[in-house]
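Here is the structure we will look at, set down as structure tokens.
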Amino acid sequence: MPSLNRQILIAACLGVLIGWAIGLLPADQDARSGVLYVSTLVGSIFIGMLKMVLVPFMAFVASVTGLPLIFTSIVVGVANLQAHHQVNRVWMTTLVYFVITASLAMLVALIAANIFKPGADLPIALFADAMDAFEARQLTMPEFFLHFFANLFQNPFAAFANGSILAIVVFALFIGIALVAGGERYQGILRLMQEFLELLLQIIGWIMRLAPLGIMALLIRLVAEQDVSLLVTMLGFIVLVFATTLFHGIVILPGILFLVTGKSPLWFWRGSREALITAFATSSSAATLPITLRCTEHNLGVRRSIAGFVLPLGATVNMDGTALYEAAAALFVANLVGIELSFAQQMVVFFTAMIASTGAPGIPSAGMVTMVMVLQAVGLPAEAIAILLPIDRLLDTVRTAVNVEGDMVGSLVVDKLVHRV
Ligand code: ASP
């Protein structure tokens, strides 16, 4: 039996091949609908299982339903950090890393979009129908801020039930700090949390055995259902987004990793492969989080106290791929409607895309929703989202993989820069 890592790799390749072959069959073919049906079923079961360990769990603790892994790992993470007297350093290093990598990602996007000008030669009438059918979700900058900050603090039970990750992260941080402040008094709770984490990691280990099947199923569907003619029309933009996102994931992030820790990119990819492929197939950093945590700790050897802090936070706020995409897409839309964005306007794109990617939850196509804010910030029509939506499932694959890669590199960087005691 090949290793799990290799099985996942083979399954991903098979998924793309089968999906491509199925896509060639006529739409009313029984074989086609049969395969699509089975892959939808298997794919949903796999994602469902990942969400199962993420969502309703601590039922017996005051009938809480929630995101136990995130909750417990952050709580345990912060509490352990304090034991190391390193909390401030971890916070600062993490935030500085998040800001620097997102800025680099957006710079790459803006430079490439200025050079290649994607969309400048596309006939806009082509998308008139899509524009008509779409009703934009309007969200101005002040509204976004209000929404963002007001939602940070929520009834934890409601946040658990709705899966509002950022609110859970904030609540968990409070618990972690209180645990630390209480010292000896709360040792029992802390130990319980630690045991929960072990328990969940064990369940995740079982789910991982199904990952090859789940990933193959998700990719079959994704590839089979792509509208090829649309892809051809938008080819320039798609290639630009793929190329810049890959550049960030293959050159910039591993470069930072190498500079700070001296670790080679190959070593990193070998250890992170399961998480990156799962992110690619699920398009969700949040659903991938259990696997990200497992790989970072087991394969890359990051301390649990660091991984448990950086990864859950990163899965919700650190999205290099999304930031890059939003910046590139804003320039693409500007080209489509024939507007040349000035340097100052591009700076506005830069800052709003930074905020918008931070506010996007780690679920499929989340970046599309916060993208509206970026477009509106420079007066572009929010309706243009309709043009981007049909190709989003495709672009979301690499974008999410790079989002997750950024979090994993971040935890290695923080692990290196915050000394062991
Ligand atoms: N799907 C992305 C993620 O989960 C978010 C996005 O839509 O950009 O990381």
(message) Quick check on this structure: which one of Ala386, Ala330, Ala307, Ala353 is free of Cβ contacts under 8 Å to residues at least 60 places away in the same chain and small (Gly, Ala, Ser)?
(response) Ala330
(message) Conditions first: (1) outside any loop (DSSP other than H, G, I, E, B); (2) within 13 Å of the ligand (Cβ to nearest atom). Gly362 passes all but one, so which condition is the exception?
(response) (1)
(request) Give the number of residues within segment 278-333 that are at negative phi and in a loop (DSSP other than H, G, I, E, B). (result) 6
(request) Please work out which one of (1) more than 13 Å from the ligand (Cβ to nearest atom); (2) under 26 Å from Leu50 (Cβ atoms); (3) among the β-branched types (Val, Ile, Thr) is the condition Val369 fails and give its number. (result) (1)
(request) Using the structure shown, decide if Ala307 is touching a helix residue (DSSP H, G or I) at 6+ places or on another chain (Cβ under 7 Å) and within 14 Å of the ligand (Cβ to nearest atom). (result) no
(message) Of the residues Leu412, Leu375, only one is more than 12 Å from the ligand (Cβ to nearest atom), aliphatic (A, V, I, L, M), surrounded by 20 or more Cβ atoms within 10 Å (Cβ to Cβ) and closer than 16 Å to Leu313 by Cβ; which?
(response) Leu412
(message) Against the definition (over 21 Å from Ser357 (Cβ atoms), outside any helix (DSSP H, G or I) and modelled with pLDDT of 85 or more), how does Gln226 come out, yes or no?
(response) no
(request) Would you tally the residues in segment 334-359 being on the phi > 0 side of the Ramachandran plot and among the β-branched types (Val, Ile, Thr)? (result) 0
(message) Yes or no: segment 320-330 includes at least one residue that is within 14 Å of the ligand (Cβ to nearest atom), buried (at least 24 other Cβ atoms within 10 Å of the Cβ) and hydroxyl-bearing (Ser, Thr, Tyr).
(response) yes
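Please pick out the residue among Asp392, Asp396 that is free of Cβ contacts under 8 Å to residues at least 60 places away in the same chain and near the ligand (Cβ under 10 Å from one of its atoms). Steps first, please.
Details: Asp396 fails: free of Cβ contacts under 8 Å to residues at least 60 places away in the same chain.
That would be Asp392, the only listed residue that is free of Cβ contacts under 8 Å to residues at least 60 places away in the same chain and near the ligand (Cβ under 10 Å from one of its atoms).
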(message) Tell me whether segment 267-276 contains one or more residues that are more than 15 Å from the ligand (Cβ to nearest atom), assigned to a helix (DSSP H, G or I), out of contact with any Leu (no Cβ under 8 Å at 6 or more places or on another chain) and closer than 30 Å to Leu14 by Cα.
(response) yes
(message) Looking only at segment 333-358, filter to residues that are closer than 27 Å to Leu276 by Cα and crowded, with 23+ Cβ neighbours inside 10 Å; which one of those is nearest to the ligand (Cβ to nearest atom)?
(response) Ser357
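The values are calculated or read from the model by the stated rules, or taken from the named source; none is laboratory data. What you are looking at is a predicted structure, and each value in this text was computed from that prediction instead of being measured. Note that each Cβ is placed from the backbone with ideal geometry, even for glycine, and that neighbours are counted across all protein chains shown.
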